[in-house]
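All remarks here apply to the structure that follows.
The values are calculated or read from the model by the stated rules, or taken from the named source; none is laboratory data. Computed from a prediction, not measured in an experiment: that's the story for all the values here. Neighbour counts are summed over all protein chains in view; Cβ atoms, including those assigned to glycine, are modelled from backbone coordinates with ideal geometry.
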Amino acid sequence: MLGIFNKTSKKRTVSDEKVLSKPAFDSDGLVRLIPYFPISKKLSYYPEYKQELTLNTTIIAYELNNELVYSNNDISWVQEEGEMQIYLRGDRVKQVERFAFVMPTAGRGEEGLDYASKELLGKHGGFIKGNNITLKGEQNDGRLPVIDMMVRKQMILKEGHYVGHQVAILDVDPAAFQLLEQRSHVRLKTDIPGQIQAKLNQEPLGCTMVDFSDCAARIIYHDAENSFRYREGALVTLSFDLPASAEARVIRGKVIRQHDATIVMTLDNIMRAKSFEKVESFDIMEIKANLLQQQH
């Protein structure tokens, strides 16, 4: 008879079980990602893999082994005898048990979301316990730093520099850090006249779309005195005609970079009939196909 049915079978004891040790925290991986996600830097995020809900945010502190760190200068590291050693305020950290980002529970940019998106986002910017948060750093040399994290908890800080503020604690796993190669989105050089406006009821400005990729467009507008309308984070609408198409294109997105009279905007929504809908892969390919007809 099988042992599971045998009443006289020997009961297993704890000593018979194999005790699994907790894997060591990847300190080398942590050192690689920290420079891409420094305290106080403007970042962006979206909750639960819903990229259409992207908002601006920042890291206000790190949590290292349950101790809050408010300054980038408080953490340093050095290679010693083939191993990466991490220092906190000059003292060596013998072992990193846990590392987390401390972030505000509300991001900037919710005013640009429609009602349905705000309802989907919910309270506290999607920073609900157990939620996945995708955090994006600043693109550097064609690569975009991205990390997925899980919200451990929300809390109102009772001490330190942010007393009384509600924050989220997000556990960081260096294995979830990626540097995405953005150059895979081939940029087409263009020379397309168009119009740009911050709101549909505002007087548009003349502009020129000078390049176009799968996720963004670079635009030079013709009135530098109105640059205040198009600062980073602003929601803008771009309208342009394609010679190979009788239908004008109207695309809405956010300004992700701005310098003088040049901006780079995301391609988030496209006008269909009389309302904006999410940009789809077909839309990008159709526009690219038209743009390629103008290249010689």
For the range 154-176, which positions are farther than 19 Å from PHE25 by Cβ and surrounded by 13 or more Cβ atoms within 10 Å (Cβ to Cβ)?
GLN154, MET155, LEU157, TYR162, HIS165, GLN166, VAL167, ALA168
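With the structure loaded, tell me whether GLY137 is more than 13 Å from THR105 (Cα to Cα) and over 16 Å from the mean Cα position of the chain (by Cα) or whether it fails that test.
no
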Any residue at all in the range 141-153 that is surrounded by 15 or more Cβ atoms within 10 Å (Cβ to Cβ), modelled with pLDDT under 90 and of a type outside the set (Asp, Glu)?
yes
Does LEU179 fit the bill of being surrounded by 15 or more Cβ atoms within 10 Å (Cβ to Cβ), at pLDDT 95 or above and closer than 27 Å to GLY29 by Cβ?
no
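If a residue counts only when it is loosely packed, with under 15 Cβ neighbours inside 10 Å, which strands (runs of 3 or more DSSP E) contained entirely in the range 18-88 have at least 2 such residues?
The strands (runs of 3 or more DSSP E) meeting that bar are 75-80, 83-88.
Please verify whether VAL250 is modelled with pLDDT of 90 or more, β-branched (Val, Ile, Thr) and over 28 Å from ARG143 (Cβ atoms), treating the condition exactly as stated.
yes
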